[in-house]
Every structure is written in structure tokens, then in C-alpha cells.
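Inspection log for the structure reproduced underneath, given as C-alpha cells.
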Ligand SMILES: [Mg+2]
């Protein structure tokens, strides 16, 4: 147990989408992953976050010196020291993403050094599996493309699916409703329908559309208004039957605490909220408010911590990440019967794929 972190290496990988994609409030044509590899005693741990290439500079200029030379098992201390080192930068946004990637790499490194599966180190039962929901349904998809995506989720055994609504900042509500209705018909009564407006509606619009989504049997209304608008979330929540969810921009436990009173399920993203350390802390905050948690995106990374979260609702099997994670890493856990299996390898069992070179920018 006398290992020291000897080396920190970063990588920037950009995966173009086949065509531009959009949700209610953003359009994109690529996803960038910034990776961190930490080495100790000839063993390497891997973490990453979905972010801007600028996050690499935060890691190299501000976090590397904090962790190199330190005990890789002392994650609680190292996590806190990283936050303290970034006080004057602000600890949210890119800094939180940078800390998340390093924290995840530390957990992977620690469990590999101990030669135990990461999920077990985090407290999961040996046979733990975690449910996923199919997520995508971009506003840019044609009806046929949407149908093909939903069919893929059903074939993989998903018991819930989520599509994007709030097209063009809420400018096309009739198409939002038509698409939700189309998916409601496609999936049948045994599968839950979820919608995500990415903060695209105004408060009144979200209440009115929420009533229409209720009529369609929607069970989950994510970011009906901006998650910065806590009063707006509360107003929508009190007006609709479906669960209101938010939390993908919870950067720390303070954000989690602020959101808990105004949501029905807290979303947490380990690649943003401080890695596995931050995810576990946020999940405990949710538990203290009587709420379940749902993991946002990055399904391959969330499988391990989700398996050790007793009040987990599900993991988001997000189309872009589900496509790119097997290109970025070897050993990504697969989905079968609507569930992710964390696996029995030491650590999270994932290593950078040789083929990822073609997507490497730095
Ligand atoms: Mg979302």
C-alpha cells in the first residue's frame, strides 16, 4: 500500500457525429472526450470526461501537481486538495470536469492496484446489474430515423426511452407533442416514455406542455425550464403529474442540495460532479431528501458507481456515448436485457483502445 502516483497523462479525442444533432437548445456535430491516465507501480488507471479540449489545460496546469507523488488510494484527500487548488478558478464547469476525470482515474487505479473490481470497491454486490434507458431522439432526426433508434432500444431490452423536446427553444411545440405521441405508440404500454426539454421552455409553456405530456403518459419531464431556475422547476413540478428531473449541471453537493427540493429524481453525472467521489456524495444528498438518482450520460463509466447506489433509478444509455465509448476504450460494459453489467475485471476494466488514435487531437 505504499504506491505513489508516478505519472499523469492526458489525451483529447474528438468523435464526429454522422450528421449534425440537436436537442431543444443546442446543436453539435462532435463529442470530445478528455482522458486522464494515472500510473503507479506499473499499473495504469483511466478516467475521462465529455468536455472541451480546454479541460486538458486545467488538468495539466492545476491538478497534475496535486496528485503526482501522492498515495493513489487516498482519494478523499486528493479530491479535496484538487478542489482547494482550484479555488481562484472557480470549482464548477471545466474545473469540475477536470477534477471528475482525475477522480475517476484514481478510483480505477486504486482498485486495479488492490486487484478488485471497481464496483466491488465502491460497495456493489457481486451480481449487481443496473437498468438503462434508451436516450437520444434528437430533434434533428427524421421520423424513420427516430423509429430505427427506438427499435434499437427495444431490441436491447430497455424498459424506458427518452427523446429530446423543446425544439428551437420551444418554438415548435406541436412537433414536440407529435414526436412524443409517435414514440408513445411505438413503444407500447409496457415501456416508460421520458422527455427532455434541456431548459427550452418558459415556465408557463412548460406547465401547459406538461399537461399535454401527462395526457400522453409521459412519466419524466427533464429540465422543462433551465435547471438554474429553481422556482420555475418547482412551479412546473407542482402543476404536472410526471416526474420533474434535473441535475446534469450539478457540479458539487451544494448544487445537488439546491435541486433536491424541486425535483422528483436527481440526475448526477460523474464526469461533471466530481467523479465517483462527487457522485456518491450527491447521491447521499438525494437520499437525505428521499429521492432516487439517475445517472446522466457516460454509461460505461456510470455502470460501476450505479451498481453501488441502492436508490438508483437508472442509467442514461445516451446514443452518442453508447456509440463512441466502444471506440474510445476496450472493455466497455455491454447492455443486455436493458441492463449494464459492471463485469469482474480489476478496476473498471477499460483501457484506451488502440483504434482510438484516429480520433486523437492531442
Ligand atoms: Mg438532459
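Every number here is computed from the coordinates shown, using simple stated rules; none is lab data. Note that the structure is a prediction, hence the values are computed from the model and not measured. Positions of Cβ are generated from backbone atoms using ideal geometry, with glycine treated the same way; all protein chains shown enter the neighbour counts.
Here are the numbers for this structure:
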{"quantity": "Ranking of 243, 77, 108, 330 by count of other Cβ atoms within 10 Å, fewest first", "calculated": "77, 330, 243, 108"}
{"quantity": "Global geometry of the chain, whether rounded, prolate or oblate, following the gyration tensor of its Cα atoms and the 1.5 cut on a/c", "calculated": "prolate"}
{"quantity": "Helix-only CD estimate at 222 nm, as mean residue ellipticity for the chain, using -39500 (n - 2.57) per DSSP H run (n ≥ 4)", "calculated": "-11000 deg cm²/dmol"}
{"quantity": "Euclidean distance between Cα centres, segment 154-192 to segment 36-113, Å", "calculated": "37"}
{"quantity": "Ordering of 331-339, 87-95 by burial proxy (mean other Cβ atoms within 10 Å per residue, highest first)", "calculated": "331-339, 87-95"}
{"quantity": "Considering only the chain, percent of DSSP beta bridges that pair antiparallel, nearest 5", "calculated": "50"}
{"quantity": "Kirkwood estimate for segment 93-246, i.e. one over the average of 1/r between Cα atoms, Å", "calculated": "17.4"}
{"quantity": "Stretchable slack from residue 362 to residue 182, in nm (0.36 nm times residue separation minus alpha-carbon distance)", "calculated": "60.6 nm"}
{"quantity": "Sorted by Cβ density within 10 Å, fewest first, the residues 145, 21, 185", "calculated": "185, 145, 21"}
{"quantity": "The chain, relative contact order in percent, only Cα pairs under 8 angstrom and at least six apart counted", "calculated": "19"}
{"quantity": "Neighbour-count ranking [beta-carbon atoms within 10 angstrom, fewest first] of 15, 221", "calculated": "15, 221"}
{"quantity": "For segment 121-241, share of DSSP beta bridges that run antiparallel, in % to the nearest 5", "calculated": "0"}
{"quantity": "Tensor-based shape of segment 251-362 (alpha-carbon gyration tensor, a/c under 1.5 rounded, otherwise prolate or oblate)", "calculated": "prolate"}
